[in-house]
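**Q** Pasting a structure below so you can have a look.
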Amino acid sequence: MLQSKSLVVEGKYKVAVFAGILVIATLHLLNSGYRDWNSGADTAYVLALMLLFFSKEKIDDERVQSLKLTAMYVAFAAGWVVTGALRFASYLKVRPATPETSSANDAMFIVLALAFALFHYWRFQDGRSADIGMKDEGRE
Amino acid sequence: MKNHVRELRTLKQWSQGELAEKLGVSRQTVNAIETEKYDPSLTLAFKLATLFKKRIEDVFEP
């Protein structure tokens, strides 16, 4: 009970933290190069994204669970394609954007980031439609 | 699946937020059900039918 309560973070704060992680990770990758990124820092980013994605929503109902699962399915498939493309580009020696190799942590980072973005986009779409519905009825 | 949640809610003069609170779900979830983007679980469907004092087949059409 205490554990589940402590993990509840409001969606808007999660999105802000997510944006922060993406900015820091991108700056880190661009500034220090792929070798430094792959020396352990990537694990921290993956852990942060895992905590964000798997922590409970303020109202953690069945729609949230369903959207999270669908987001994870889609992100896993898309992540597999993206990491495959990165490896292929690396094989073709496309420079300078692609790394030499892609680690499991890189793949997890891509999958989690995609899943998080998809989930919150779909939730935003639900909320947006709700606002339109309220206007139609002249309520709230 | 077609449903009559929006009509029934309007008849009761509840907002989406009020219905969501009674069901223990978020307002976005109620909207997703009303716009037929999401088919609720049997548990939630029964909760909706009970709240509206209707049979489940009067709320949801296959």
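**Q** Which condition does A:A130 not pass, out of (1) surrounded by fewer than 20 Cβ atoms within 10 Å (Cβ to Cβ); (2) at pLDDT below 80, if it passes all the others?
**A** Going through the list (1) surrounded by fewer than 20 Cβ atoms within 10 Å (Cβ to Cβ); (2) at pLDDT below 80, A:A130 breaks only (1).
**Q** Moving on to the next point. Kindly indicate which of A:A78, A:A115 is at pLDDT 80 or above, part of a helix (DSSP H, G or I) and surrounded by fewer than 16 Cβ atoms within 10 Å (Cβ to Cβ).
**A** A:A78
Rundown of residues vs (1) at pLDDT 85 or above; (2) in a helix (DSSP H, G or I); (3) within 14 Å of the chain's Cα centre (by Cα); (4) over 13 Å from A:A115 (Cβ atoms), yes/no style:
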| residue | (1), (2), (3), (4) |
| --- | --- |
| A:F18 | yes, yes, yes, no |
| A:R35 | no, yes, no, yes |
| A:K58 | yes, no, no, yes |
| A:Q65 | yes, yes, no, yes |
| A:T83 | no, yes, no, yes |
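**Q** Separate question: Taking the range B:1-16 as the search range and keeping residues that are part of a helix (DSSP H, G or I) and either of a type in the set (S, T, Y) or loosely packed, with under 15 Cβ neighbours inside 10 Å (or both), which one is nearest to the other protein chains (Cβ to nearest Cβ)?
**A** Once the filter is applied, the top-ranked residue is B:T10.
**Q** Return the pairs, sorted by first residue and then second, in which the second residue is surrounded by 24 or more Cβ atoms within 10 Å (Cβ to Cβ) and in a loop (DSSP other than H, G, I, E, B), the first residue lies in the range B:25-37 and is more than 7 Å from every other protein chain (Cβ to nearest Cβ), the beta carbons are less than 6 Å apart, and the residues are 6+ apart or on different chains.
**A** Listed pairs, sorted by first residue: B:I33/B:P40.
The values are calculated or read from the model by the stated rules, or taken from the named source; none is laboratory data. Just so we're clear, the structure is a prediction, and the values are computed from it rather than from any experiment. Heads up, the Cβs are rebuilt from the backbone with ideal geometry, glycines too, and the neighbour counts pull from every protein chain shown.
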